[in-house]
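Here the structure is laid out as structure tokens; the discussion comes afterwards.
The values are calculated or read from the model by the stated rules, or taken from the named source; none is laboratory data. Worth saying up front: this structure is predicted, and the values here are computed from it rather than measured. Please note: Cβ atoms are built from the backbone with ideal geometry, for glycine as well, and neighbour counts cover all protein chains shown.
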Amino acid sequence: MLFVVFIAFFNAPFSLLFNHLFKRIFLPASSISIIVLLSLFAYSSKSQANSTPIWQTLQTAKQHANITKASYTKKKKVSKRCNVSSKKLSSHCLKRNQSTRKGILTQIRYLNKNRRARQYVKGLSTWRLLQTAKTALSWMDGKTSLGDHFELRPLSPSGKVKYTGYFTPLIAARYKKNKEYRYPIYGKPKKKPYPSRAEVFNGALRGKNLEIAWVKDPIDLYLAQVQGSGILSFADGSVRRIHFAAHSYHPFISITRYLKQRGYIKQPSEQAMRRWFKNNPKRLSVLSKNPRYVFFRFGKHDHLTASNTPTIDGHTVAVNTKYIPFGSIILAQIPVRNRKGRVIRQEWRLLFAQDRGAAITSKQHLDLYTGTGRKARQQANRITGLGQAYLLVKKSRKPLRTAAQKL
């Protein structure tokens, strides 16, 4: 290899060839130039071993450089197609899969059952939401871009919203209390006002026969109350779903945020909260800092949302319905993180406004449903950060005043 480089620099004919190679093959990008140089050395070394003429080595290196250049150009084009400002997201950026189709059909069914002429924001009625969903179904079966059919209205003045994730926890439970399973899951009381969490902890519901099951981990129960649902796993191997029945009408206070403000944890996350309570088992009363208490009922169906529709993993989203009504379709750019919490890519997908949550108090907050169990919990914990989000509205001559403009 060194012999070939020596000849290329000090022999006049080969020097011309080498200069020609630099002018015709090397790209402006330094990374591509390095690849080409390494390719030349590799091919030159190989040609010495196989007695291949130097002109063939140069030709092969040039072909390799052209392939690298084409790949580089293709990546640039893909990046350009993923720019929502052009309103032409390709199928590479926004996939039309079965989950997306299921979500659109779910929105259509919901809106057909709720045809009240309600104006959520100026110019956006149930009828217009329904036309938007039907147009989205036509888009699924065609080859056109979203910008051909819809107005893409940003959900916030900055163009970005906060993303979080939620899931359905799987909780070990028993029908009867014992030494291990001693934390009750309460059904809805018959009379109002409903007690606060502190009052429940002090025995306000004791002796009223409202216990529907017992769990051994109070943090699992608390998270089920935050999520609004759960799946109970019993000793005989059976499982039963619990659904939101009511809450105590007290304000919601985030325990993770409270622990961070007090300096007990560094980051307001579920993992950090679990670790803190594990290390401080005698301080469960801290949970009463969130006075809102949630009551449950057993359900026969899969996880149902606040709009009484089934959840769709990775597409159902909880929203603030004062600004984003149920039945809406949202184009969202979701930050995807690895196990270390580092953002590895931005993923575009259609989300469906079907749920609401006590923690969704901000006008620019989307809470994405990830599924059931441990894996879904890990995925939910990794969804965090800011990303773009747009409300899809079928094009019309009438102007639309959106949530972002309503702020």
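Which one of these does Tyr323 not meet: (1) at pLDDT below 90; (2) within 24 Å of Gly371 (Cα to Cα); (3) crowded, with 17+ Cβ neighbours inside 10 Å; (4) in the same structural domain as Gln388 (by TED's automatic domain parsing)?
So the condition that Tyr323 fails would be (2).
Where residues in segment 83-110 are surrounded by 18 or more Cβ atoms within 10 Å (Cβ to Cβ) and more than 18 Å from Leu129 (Cβ to Cβ), which of them is modelled with the lowest pLDDT?
Leu89
Taking Ser307 and the conditions (1) touching an Asp or Glu at 6+ places or on another chain (Cβ under 8 Å); (2) not in a loop (DSSP other than H, G, I, E, B), which numbered condition does it fall short on, given that it satisfies the others?
Status for Ser307: all satisfied but (2).
Counting only residues that are out of contact with any helix residue (DSSP H, G or I) (no Cβ under 8 Å at 6 or more places or on another chain) and surrounded by 15 or more Cβ atoms within 10 Å (Cβ to Cβ), how many does segment 278-314 have?
7
For Phe201, are the conditions met, namely being in contact with a helix residue (DSSP H, G or I) (Cβ under 7 Å, 6 or more places away or on another chain) and either surrounded by fewer than 19 Cβ atoms within 10 Å (Cβ to Cβ) or in the same structural domain as Thr370 (by TED's automatic domain parsing) (or both)?
Working: in contact with a helix residue (DSSP H, G or I) (Cβ under 7 Å, 6 or more places away or on another chain): yes; either surrounded by fewer than 19 Cβ atoms within 10 Å (Cβ to Cβ) or in the same structural domain as Thr370 (by TED's automatic domain parsing) (or both): yes.
Criteria met by Phe201.
Among what's in segment 168-198 and is polar (S, T, N, Q) and surrounded by 13 or more Cβ atoms within 10 Å (Cβ to Cβ), pick the residue that is farthest from Ser285 (Cα to Cα). Outline the logic, then answer.
In the first step, residues of segment 168-198 are kept if they are polar (S, T, N, Q); the result is 168, 178, 196.
Filter once more, keeping what is surrounded by 13 or more Cβ atoms within 10 Å (Cβ to Cβ): 168, 196.
Values: Thr168: 24, Ser196: 13 Å.
Filtering segment 168-198 for residues that are polar (S, T, N, Q) and surrounded by 13 or more Cβ atoms within 10 Å (Cβ to Cβ), the one farthest from Ser285 (Cα to Cα) comes out as Thr168.
Condition check: touching a helix residue (DSSP H, G or I) at 6+ places or on another chain (Cβ under 7 Å) and not assigned by TED's automatic domain parsing to the domain that holds Gln364. Does Pro157 satisfy that?
Values: touching a helix residue (DSSP H, G or I) at 6+ places or on another chain (Cβ under 7 Å): yes; not assigned by TED's automatic domain parsing to the domain that holds Gln364: no.
Criteria not met by Pro157.
I'd like to know if segment 291-299 contains one or more residues that are out of contact with any Ser or Thr (no Cβ under 7 Å at 6 or more places or on another chain), of a type in the set (D, E, K, R) and within 30 Å of Ile108 (Cα to Cα). Break it down into steps so the answer makes sense when it comes.
The first filter runs over segment 291-299 and keeps only residues out of contact with any Ser or Thr (no Cβ under 7 Å at 6 or more places or on another chain), leaving 294-299.
In the following step, the residues that additionally are of a type in the set (D, E, K, R) were identified as 297.
Checking the rest, the ones that are also within 30 Å of Ile108 (Cα to Cα) come to 297.
Yes: segment 291-299 contains one or more residues that are out of contact with any Ser or Thr (no Cβ under 7 Å at 6 or more places or on another chain), of a type in the set (D, E, K, R) and within 30 Å of Ile108 (Cα to Cα).
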